[in-house]
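Single-structure report; data block below.
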Amino acid sequence: MEEERRLSSSSEAAERPLGIVARGLTKSFDGGLVHALRGTDLEIQPGERIAITGPTGCGKSTLLSILALLERQDGGELIVGGRPAEGIRSPERWRGRHLGIVFQFHHLLPHLTVEENVMLPLVGVGARSTDARRRARSILRDIGLAHRARFVAEKLSGGERQMTAVARALAGSPGLILADEPTGNVDSKAGDRVLELLFGRRGNRPATVVVVTHNDRVAGDADRILRMRDGRIDGRG
Ligand SMILES: Nc1ncnc2c1ncn2[C@@H]1O[C@H](COP(=O)(O)OP(=O)(O)OP(=O)(O)O)[C@@H](O)[C@H]1O
Ligand SMILES: [Mg+2]
């Protein structure tokens, strides 16, 4: 019973979309030699679909890691879903409940199958494995990867890995989806499917979506484009 309740809170009834407010985020690496973020301000409304663009090395992935609570900023303030990030005691549990994330470098578990990788976030919040498998298959069908469901991840092409990572991020119907270059390795047809799914145009429940991209077509599909340069958002966040 408990498991079913948790599954329904994670995959059937979507989490509510989360807003984000960031003020003056700074982050440096290598003992202050590299300033990845130099006072990033941004405000994203719940349910908004945002594209972040900007040149290589300007801090996009660093910003996404901080928004995902995978890294802590050195300075500045971050509020997600109305909560100050530093008040979230277990970022891991918070991610499991609210967040779908597509990393720039996939991070699939190489020895698990595609289906098992997609099931992971659901199993992580206590879903029954038959329910998680059903949900994984349905998303893989939507994204056009059903024929690879039983492949181990390490045998996939780069684009197939990327699509698997997107399917995994969507599996739990999270309130916040963060995706780093999610269409970088796929052809334009697969890219369109990925975008339709990420931006919720295929019957998915509304989520706040932040997509880092170099692709103008992806950016054009967003509600708003934020341009980053030298660790800051140009213009109004
Ligand atoms: N863990 C780290 N240690 C040291 N330097 C880092 C680390 N992560 C990022 N950097 C540096 O911080 C800067 C911003 O990196 P980031 O990955 O955020 O850029 P990006 O905008 O995502 O670039 P790209 O478009 O190439 O993905 C870069 O100069 C990078 O070398
Ligand atoms: Mg990056």
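Structure summary
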| item | result |
| --- | --- |
| Dipole magnitude (debye, nearest 20) for the chain, charges at Cβ of Lys, Arg, Asp, Glu | 440 |
| Percent of beta bridges antiparallel (DSSP, the chain, rounded to nearest 5) | 55 |
| Alpha-carbon spread of the range 107-237, three principal axes, descending order, Å | 47, 29, 26 |
| Sparse-neighbourhood loop sites, chymotrypsin sites (Phe, Trp or Tyr not before Pro) in the range 61-123 - DSSP loop, at most 16 other Cβ within 10 angstrom | PHE105 |
| Farthest positive-ward along the chain dipole, Cα basis, beta-carbon charges - from VAL209, GLY59, THR113 | THR113 |
| The chain: C-alpha gyration tensor shape, a/c 1.5 cut-off, then a/b vs b/c | prolate |
| Evaluated at q = 0.20, 0.32 Å⁻¹: base-10 log I(q)/I(0), Debye formula over Cα of the range 77-130 | -0.85, -1.28 |
| Fewest-first ranking of VAL34, VAL102, using other Cβ atoms within 10 Å as the exposure measure | VAL34, VAL102 |
| Fully extended contour minus Cα-Cα distance, from ALA146 to SER129, at 0.36 nm per residue | 4.3 nm |
| Straight-distance crosslink candidates among lysines, where the alpha carbon sits under 23 Å from LYS155 and sequence neighbours closer than 8 are dropped | LYS189 |
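We did not get these values from a lab; they are worked out from the coordinates using the rules stated. Because the structure is a prediction, the values reported are computed rather than measured. Reconstructed Cβ throughout: ideal geometry from the backbone, glycine too, with neighbour counts over all protein chains shown.
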